[in-house]
Amino acid sequence: MKASDLKGKTIGFAASGGLDSCTITHWLSSQGVKVICFTADLGQPDEDNFSDIKERMLASGALDFISIDLKKEIAEIGLELIQCNARYEFGYWNLTGAARQVIPESVRPAPGSTSNPLTCMAI
């Protein structure tokens, strides 16, 4: 798919709010793509103020920003990880991989939903 294929369309973009997300949002917007950013609040300890992500994504050209509170869902799967002793190379808990399971489930359109369909992308 090329950016020109998306010109004038609205896409849903699963964005972390980091440099890569800001860069691709700016680039897509400059190509005429309407970008709506979805960001999961997983209780990340490295993000002091979660609302800063919204400011960064809107400043990068996002049409809208939607925060999805997934702290409960990541906590539930985190308990399963602990029970399974799922650690990366016996170090930290593998919550990054778990987040990759939790996040797509939260942004998927409801079955049968046809209102304002989005093309979804993730980075």
Could you pull out the residue among Ala14, Ala62 that is touching a strand residue (DSSP E or B) at 6+ places or on another chain (Cβ under 8 Å) and closer than 14 Å to Ile103 by Cα?
-> Ala14
Residue satisfying all of: in the stretch 50-98; among the hydrophobic types (A, V, I, L, M, F, W, C), exposed (fewer than 14 other Cβ atoms within 10 Å of the Cβ) and over 26 Å from Gln31 (Cβ atoms); modelled with the lowest pLDDT among these = Phe90
Members of the stretch 5-27 found to be more than 16 Å from the chain's Cα centre (by Cα) and buried (at least 17 other Cβ atoms within 10 Å of the Cβ), listed by number = Leu6
What number of residues in the stretch 48-76 are touching a His at 6+ places or on another chain (Cβ under 9 Å) and hydroxyl-bearing (Ser, Thr, Tyr)?
-> 1
Residue check, Lys2 against (1) surrounded by 12 or more Cβ atoms within 10 Å (Cβ to Cβ); (2) without any contact (Cβ under 8 Å) to a residue 24 or more places away in the chain, all met but one. Which one?
-> (1)
Selection from the stretch 35-49 of residues that are open to solvent by 20 Å² or more (accessible area, probe 1.4 Å) and touching a helix residue (DSSP H, G or I) at 6+ places or on another chain (Cβ under 8 Å) | Phe38, Asp41, Leu42, Gly43, Glu47
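The values are calculated or read from the model by the stated rules, or taken from the named source; none is laboratory data. These numbers were taken from a predicted model, which means no experiment stands behind them. In this analysis, Cβ positions are derived from the backbone assuming ideal geometry, glycine residues included, and neighbour counts consider all displayed protein chains. Heavy atoms of the whole protein, side chains included, go into the accessibility calculation; ligands, DNA and RNA do not. Shrake-Rupley method; radii C 1.70, N 1.55, O 1.52, S 1.80 Å.
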